[in-house]
Amino acid sequence: MTLDKKFLEYPQRQYGMDHRRYDWSMLSERPKVEWPNGKKLALWVNVCLQFFPINQQGKPFKVPGGMTMPYPDLRHYTLRDYGNRVGVFRFLKLFDKYNIKPTFTINTRLAERNQYLLDVIKERGDEIACHGLHMDALHYGGQNIDEERELIKKALGSLRELSGQDISGWLSPARSESENTPDLLAEQGIEYFSDWVNDDMPYSFNTKHGDLIAMPLSNELEDKFILMNNLHSENSYVEQICDAHDFLLEETNTHGGRILALNLHPWMLGQPHRIRKLEAVLDYITAQADTWSTTGHDLAKAFQ
Amino acid sequence: MNQEDPQLYDYWPYQNRPKIEWPNGAKIAFWVAPNIEFYELDPPENPHRKPWPQATPAVGGYSIRDYGNRVGHQRQMRLLDKYGIRGSISLSTAICDHHPEIIELCAERDWEFFSHGIYNTRYTYGLSEDQEREMIQDSVDTIEKHTGKKPAGYLAPALSHSDHTIDLFAEAGGTYTCDLFHDDQPTPVKVRSGKKFVSIPYSLEMNDTIAYVVNKIEPRRYGQIIKDNFDQLYVEGEESGTVMCVPTHNYQVSCPHRLRAFEEALEYITGHPDVWVTTGREIADYFIEHYYDTATEDIQSRKQA
């Protein structure tokens with residue numbers, strides 16, 4: 001048994017990263033960040049509003065949370081649709097009660113199909129970011145670049161038109177990217193994106209069309225990850241978010257401003273048996289005077 | 001021809017073993033093994049195991065591991081400093097080239113460096129014996145070059161092994177392996193060169209990545225099982241010294257929602273008397289010097305009986 005000699009060759013074994021997308025940097029060594037008005041901890045609530053087509057193609061993989069049964073998979077289609085009909089309105093009540101300024105990261109196809117919900121968000125004046133075209137329109141390694149450029153153009157163009165907003169933020173469906181995605185996003189006017197989970201603070205991400213800001217939207221603290229992937233209890237979700245909050249707030253005392261980013265799905269936390277757990281979390285966090293609730297866009301601007 | 005057992009050690013029941021006493025009468029040797037790893041974004045694909053589940057770029061898998069290097073290690077380091085624990089680092093040795101700042105921080109603290117291969121995306125599977133020897137020697141030389149000291153321990157990259165792995169590491173000058181999970185005490189390991197070589201318990205049950213990613217447990221439960229594991233080994237250590245290891249990955253345990261429970265467990269353990277807070281190398285050296293021969297004799301006598 002022998003492998004080709006390339007298995008013992010390491011062409012990228014050098015200082016820094018093994019790619020050119022961003023610079024190597026340790027969080028603990030960076031200058032301290034100060035948030036506006038002397039706030040210590042920024043709370044970024046990002047709500048994913050998603051459309052999972054029932055005629056899912058699954059190319060090149062079945063999106064997690066998507067259809068798993070033979071067509072027509074009514075159970076998963078309707079469970080996800082529940083979030084946009086019912087769950088999200090439970091979220092809105094809580095956001096108003098606790099003065100949360102959320103970002104809504106929307107699949108463009110949902111905005112096209114659901115004018116009512118889009119109008120509600122527009123009227124509130126909340127930030128709208130793009131979550132790709134829909135949950136089955138994936139970006140992936142090896143994707144044809146022209147095809148992907150068209151996909152992004154379609155998603156951003158339509159969402160900009162319908163929302164009347166500039167749309168500076170992006171989260172890929174399933175956080176999946178091709179090797180070209182960051183270049184294409186920058187080319188089409190995106191300023192920040194949140195797919196990469198390698199930091200707790202924003203950092204500069206190189207593209208062929210100028211830098212993007214990579215925003216830290218934790219996957220480990222996502223409702224879907226804790227409840228659906230890890231199968232932890234609702235009470236454990238509350239404990240984990242509160243423990244993260246306490247830890248980050250304490251770290252601000254020695255290391256400067258920090259961000260607690262909560263990525264939420266109304267089809268998950270918007271269920272009747274879970275909504276009070278979100279309330280418990282928001283109640284706990286907003287009780288601290290040092291917390292600043294803001295959007296992804298404003299956070300990226302404040303960081304710059 | 002593959003054999004039905006790995007031929008590395010003899011059966012040695014836990015009952016009635018010669019008594020181990022750790023330095024200063026300690027009942028338990030406690031060590032923490034941070035894995036400081038580098039996963040490549042686009043490694044050559046090994047025909048026996050895929051590094052990533054999807055085509056490059058595997059944004060999720062790659063970026064969360066990078067979190068450990070950018071954010072996690074320094075957080076865990078603050079905790080280990082606070083509780084007087086020196087880490088025993090399981091090192092992807094390419095980190096010496098990519099992120100020498102991390103190596104400096106660990107070296108300043110007199111932490112131990114042991115080899116965990118070059119990259120955690122380069123598996124042992126499929127390598128010829130010569131190729132594996134070359135890879136292991138490269139990792140040993142890299143650690144010596146950057147820290148001034150040869151590594152004593154080995155944990156194969158991504159726990160990928162061959163039939164020669166442990167022999168080859170012993171021949172490269174090593175004295176202990178972390179690859180075997182058959183015991184709660186150090187045990188002699190048979191290597192073809194006949195040198196004194198041991199297995200030091202490095203627990204998969206206490207490993208944060210196994211706990212969080214494979215078993216998907218809650219952060220506070222992880223803290224609790226560490227305490228429970230300690231309690232039992234502490235009591236048994238009165239009869240004969242035990243070893244407890246907590247292997248960590250700072251893209252897991254150093255996330256903000258997990259450190260509090262981990263800290264409570266460290267505080268609990270180091271708050272007990274008669275705990276030898278130490279490193280893998282120190283345990284191996286102490287065992288080889290004081291107990292290796294007794295252990296080997298006991299194993300032999302039980303075989304004859």
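The values are calculated or read from the model by the stated rules, or taken from the named source; none is laboratory data. Fair warning: this is a prediction, and the values are worked out from it, not measured in the lab. As a convention, Cβ positions derive from the backbone with ideal geometry for all residues, glycine included, and neighbour counts pool all protein chains shown.
Some observations on this one:
- Considering residues of the range A:184-198 that are surrounded by fewer than 21 Cβ atoms within 10 Å (Cβ to Cβ) and in contact with a Leu (Cβ under 9 Å, 6 or more places away or on another chain) only, the residue nearest to the other protein chains (Cβ to nearest Cβ): A:Ala186
To keep it simple, each residue is scored yes or no on (1) in a helix (DSSP H, G or I); (2) touching a Lys or Arg at 6+ places or on another chain (Cβ under 7 Å); (3) at pLDDT 95 or above; (4) within 16 Å of B:Arg260 (Cβ to Cβ).
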position	(1), (2), (3), (4)
A:Asp243	yes, yes, yes, yes
A:Trp267	yes, yes, yes, no
A:Arg274	yes, no, yes, no
A:Ala289	no, no, no, no
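- Output for the range A:137-156, where each listed residue is more than 17 Å from the chain's Cα centre (by Cα) and assigned to a helix (DSSP H, G or I): A:Ile145, A:Asp146, A:Glu147, A:Glu148, A:Arg149, A:Glu150, A:Leu151, A:Lys153, A:Lys154
- Tally of residues being within 14 Å of chain B (Cβ to nearest Cβ) and in contact (Cβ under 8 Å) with a residue 12 or more places away in the chain across the range A:41-64: 10
- Taking (1) more than 15 Å from the chain's Cα centre (by Cα); (2) outside any helix (DSSP H, G or I); (3) over 21 Å from A:Asp298 (Cβ atoms) in turn, A:Gly189 satisfies each apart from (3).
- Flag if A:Leu260 is touching a helix residue (DSSP H, G or I) at 6+ places or on another chain (Cβ under 6 Å), within 21 Å of A:Arg175 (Cβ to Cβ), within 14 Å of chain B (Cβ to nearest Cβ) and in contact (Cβ under 8 Å) with a residue 60 or more places away in the chain: yes
- Test: residue in the range B:195-205 that is surrounded by 21 or more Cβ atoms within 10 Å (Cβ to Cβ), over 25 Å from B:Asp110 (Cβ atoms) and in contact (Cβ under 8 Å) with a residue 24 or more places away in the chain: no
- Number of residues in the range A:1-29 that are over 16 Å from B:Cys96 (Cα atoms) and surrounded by 14 or more Cβ atoms within 10 Å (Cβ to Cβ) equals 8.
- Within the option set B:Tyr125, B:Tyr119, being of a type outside the set (Asp, Glu), in contact (Cβ under 8 Å) with a residue 12 or more places away in the chain, within 9 Å of another protein chain (Cβ to nearest Cβ) and surrounded by fewer than 18 Cβ atoms within 10 Å (Cβ to Cβ) holds for one residue only, B:Tyr125.
- Members of the range B:59-112 that are of a type in the set (A, V, I, L, M) and more than 8 Å from chain A (Cβ to nearest Cβ): B:Met77, B:Leu79, B:Leu80, B:Ile85, B:Ile89, B:Leu91, B:Ile95, B:Ile103, B:Leu105, B:Ala107
- Verdict on A:Ser172 being under 19 Å from the mean Cα position of the chain (by Cα), within 13 Å of chain B (Cβ to nearest Cβ) and either farther than 22 Å from A:Ser218 by Cα or crowded, with 19+ Cβ neighbours inside 10 Å (or both): yes
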